[in-house]
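Since the structure comes first, as structure tokens, the remarks are kept for the end.
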């Protein structure tokens, strides 16, 4: 009798564990190879191509882009990007291809409970221009409307100044 109860208890533990794992898996957003999707994860080895020189303004360590143009200030409720360097300007960043060593999404409260900042950070590396650090694209939104920044939104903010290159296996779309 005790052996049967022990087997039942073991079986119940296994079933509970399976249900728990399936439930957790269901909470993850699906990664996709579709570069136009909000669920697209920029893979390591991708590249960000700066097509023309950029001037980092005096006293600043970044230049901002919105709606395809460099700007001094941004509308936080429209996707905008900051190309960041280590040292304060003025300095000139030459056209170059930057390796994306890592990319990640995040979100944080701007003013609780109403506004969140949604952002995507690309960590960049260049053998020629070591002062280049990151590209951060972001937008403020209310939680029901906010979500990860997509590559098409980044392209719209950056305009013709930058382009992306993804590893060959990603070029399915």
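The values are calculated or read from the model by the stated rules, or taken from the named source; none is laboratory data. Note that this is a predicted model, so its numbers are computed, not measured. Reconstructed Cβ throughout: ideal geometry from the backbone, glycine too, with neighbour counts over all protein chains shown.
Looking at (1) touching a strand residue (DSSP E or B) at 6+ places or on another chain (Cβ under 9 Å); (2) surrounded by fewer than 17 Cβ atoms within 10 Å (Cβ to Cβ); (3) under 23 Å from residue 63 (Cβ atoms), which is the one condition that is false for residue 142?
Going through the list (1) touching a strand residue (DSSP E or B) at 6+ places or on another chain (Cβ under 9 Å); (2) surrounded by fewer than 17 Cβ atoms within 10 Å (Cβ to Cβ); (3) under 23 Å from residue 63 (Cβ atoms), residue 142 breaks only (3).
Please find, within region 63-112, the residue that is nearest to residue 165 (Cα to Cα) out of those that are out of contact with any strand residue (DSSP E or B) (no Cβ under 7 Å at 6 or more places or on another chain) and part of a strand (DSSP E or B).
69
Exactly one of these conditions fails for residue 163: (1) surrounded by 15 or more Cβ atoms within 10 Å (Cβ to Cβ); (2) in contact with a helix residue (DSSP H, G or I) (Cβ under 9 Å, 6 or more places away or on another chain). Give me its number.
Condition (1) is where residue 163 drops out.
So that you can scan it fast, the table gives a plain yes or no per residue for (1) surrounded by 10 or more Cβ atoms within 10 Å (Cβ to Cβ); (2) modelled with pLDDT of 95 or more; (3) closer than 30 Å to residue 124 by Cβ:
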| position | (1), (2), (3) |
| --- | --- |
| 8 | yes, no, no |
| 11 | yes, no, no |
| 22 | no, no, no |
| 31 | yes, no, yes |
| 35 | yes, no, yes |
| 55 | yes, yes, yes |
| 60 | yes, yes, yes |
| 71 | yes, yes, yes |
